[in-house]
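J.: Here it is, the structure in full.
The values are calculated or read from the model by the stated rules, or taken from the named source; none is laboratory data. As the structure is a computational prediction, the values presented were derived from the model and not from experiment. Note that each Cβ is placed from the backbone with ideal geometry, even for glycine, and that neighbours are counted across all protein chains shown. Heavy atoms of the whole protein, side chains included, go into the accessibility calculation; ligands, DNA and RNA do not. Shrake-Rupley method; radii C 1.70, N 1.55, O 1.52, S 1.80 Å.
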Amino acid sequence: MISQQTLRPTAHHDPYRPVAGTAGDGFGVRILGPLQVVNGASTHRPRGPKVRKVLALLAVRPRDIIDLDTIVEELWDGAPPATAVSTVRTHVYHLRQELERELGGAARDVLVTEGSGYALHLPPGRLDLEEFTRLCAQARAELRAGRREAAIQTLDTALGLWRGRPLSDVSRGRVLAGHVARIEDLRLRAQELRIEAAMGLGQHREVVPDLIRLIAVDPLNEWLHARLIDALHRSGRRGDALRAFNHVRSVLAEELGLEPSEDLRQLQHHILAGGSAA
């Protein structure tokens, strides 16, 4: 993963800053780490594993109606009891009670029943995942405008919202597992974007530790390996760059029975040919 220095935003960004005069001032939900309900300076962890699952399922798709069948599938993984529907309604009732203790009457506007399902009506900026994706979109726009330094600062703020693996304290069934995989992929894309921006500024030495950490987590990611080889070469570490190529070639052969990609092979040829590291 990205180093702590890289992950820490240059200035603290609070996506739950109260909006004066609105119901539920300061209220938000955090899923980029342990599941938390935030209200001003206080945080709350919903009690009960199935109550947490229900909130998590609603939070990964804020404002969308989550039907009863989807909730039942997540809670019982295809083997629901005969009382599944009434049990879901009981869990929603308990979740609503917990939210009302945290938010008061504003909770009635947050967790709503719609038809045969439920929805979490969070105002914009009250879910850390949505704030993360908004900041990533901003960073991409800054990169397109050639503002690499600004993009790096924005990505640092976005990555600083993460407190660990998404929903790390929620047991995940098939439905939530798919959402978590999607969310983790968004984080990887942001980390790759930051590396790309930093290398565009000539910060090749600086990104080497970050690339090594990311490869340790995702050893079959050829894009990361290619960037590490390139960064090492451009840092004047030609021998380390060739060793990195040999390492990824061995990993791909052992794990997948594959040869390195064309991108990787071209990097190797460039290094062996004595191409400039400038």
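J.: Using only the heavy atoms of the protein chains and a 1.4 Å probe, how would 76, 223 rank by accessible area, largest first? Please list the in-between numbers first.
T.: Details: 76 50, 223 80 Å².
The ranking, largest first, comes out as 223, 76.
J.: For the pair residue 94/residue 221, report the inter-label distance in nm, with labels modelled 7 Å from Cα in the Cβ direction.
T.: For the pair residue 94/residue 221, the computed spacing is 3.7 nm.
J.: Here's a follow-up. Count the net charge of all other residues whose Cβ sits under 10 Å from the Cβ of residue 117, scoring Lys and Arg as +1 and Asp and Glu as -1. Working shown, then result.
T.: Numbers: positive: none; negative: 64, 67, 69, 114.
Net of charged neighbours comes to -4.
J.: Another one. Collect residues whose amide H, placed 1.01 Å from N in the peptide plane, falls under 5 Å from the amide H of residue 169; neighbours closer than 5 in sequence don't count.
T.: It is 35, by chain and number.
J.: Roughly how tilted is helix 222-234, in degrees to the nearest 10 and between 0 and 90, from the longest Cα axis of the chain?
T.: Result, in degrees: 40.
J.: Mind running the shape call on the range 55-98? Use the C-alpha gyration tensor, a ≥ b ≥ c as the square roots of the eigenvalues: rounded below 1.5 for a/c, prolate if a/b tops b/c, oblate otherwise. Display every interim value, and only then the final one.
T.: On the way: a/c = 2.22, a/b = 1.26, b/c = 1.77.
Oblate.
J.: Using 0.36 nm per residue, how much length does the chain from residue 113 to residue 42 gain when fully extended, once their Cα-Cα distance is taken away? Numbers along the way, then the final one.
T.: Working: separation 71, 0.36 × 71 = 25.56 nm, distance 2.61 nm.
Gain on extension, residue 113 to residue 42, equals 22.9 nm.
J.: Quick one: Karplus J couplings for the range 43-60, per residue in order, coefficients 6.51, -1.76, 1.60, θ = phi - 60°, nearest Hz, x for Gly and Pro?
T.: 10, 9, 10, x, 8, x, x, 6, 5, 4, 4, 4, 4, 4, 5, 6, 6, 6
J.: Could you list log10 I(q)/I(0) for the range 20-142 at q = 0.19 Å⁻¹, which the Debye formula gives when each Cα is one point scatterer?
T.: These q points yield log10 I(q)/I(0) values of -1.04.
J.: Further question: Which value, in Å² and to the nearest 10, is the accessible area of residue 169 when all protein chains are kept and the probe is 1.4 Å?
T.: Surface accessible to solvent at residue 169 totals approximately 40 Å².
J.: Two decimals is fine: what's Rg over Rh for the range 138-278, C-alpha atoms, Kirkwood radius as Rh?
T.: Details: Rg = 16.8 Å, Rh = 16.5 Å.
With Rh from the inverse mean 1/r over Cα pairs, Rg/Rh is 1.02.
J.: Could you compute the FRET efficiency for residue 263 and residue 86, with r as their C-beta to C-beta distance and R0 at 45 Å, rounded to 0.05? Walk me through the numbers on the way to the answer.
T.: On the way: r = 55 Å, r/R0 = 1.23.
The pair residue 263/residue 86 has a calculated efficiency of 0.20.
J.: If you fit an axis through the alpha-carbon atoms of helix 238-256 and take the longest principal axis of the Cα set of the chain, what angle between them do you get, 0 to 90°, nearest 10?
T.: 50 degrees
J.: Please list the radius of gyration and Dmax for the range 84-130, considering alpha-carbon atoms only, with Å as the unit.
T.: In order Rg, Dmax, the Cα atoms of the range 84-130 give 11.6, 33 Å.
J.: Still on this structure: Please check which bits of the range 249-271 a label hung off residue 181 would reach, taking the label as a point 7 Å along Cα-to-C-beta and the cut-off as backbone N under 17 Å.
T.: Residues passing the 17 Å test: none.
J.: Which residue, 128, 185, 210, has the most motion in a Gaussian network model of the chain that connects Cα atoms within less than 10 Å?
T.: Between 128, 185, 210, it is 185 that shows the largest mean-square fluctuation.
J.: Additional query: Quick one, can you get me the convex hull of the C-alpha atoms of the chain expressed as volume per residue in Å³?
T.: Expressed per residue, the convex hull around the Cα atoms of the chain is 148 Å³.
J.: Moving on. Expressed as an acute angle from 0 to 90° and rounded to the nearest 10, what is the orientation of the C-alpha long axis of helix 262-272 relative to the principal long axis of the chain?
T.: The angle comes out near 30 degrees.
J.: Distance from a point 7 Å along Cα→Cβ of residue 67 to each backbone N in the range 151-186: keep the residues under 18 Å and list them by number.
T.: Backbone N within reach: 174-176.
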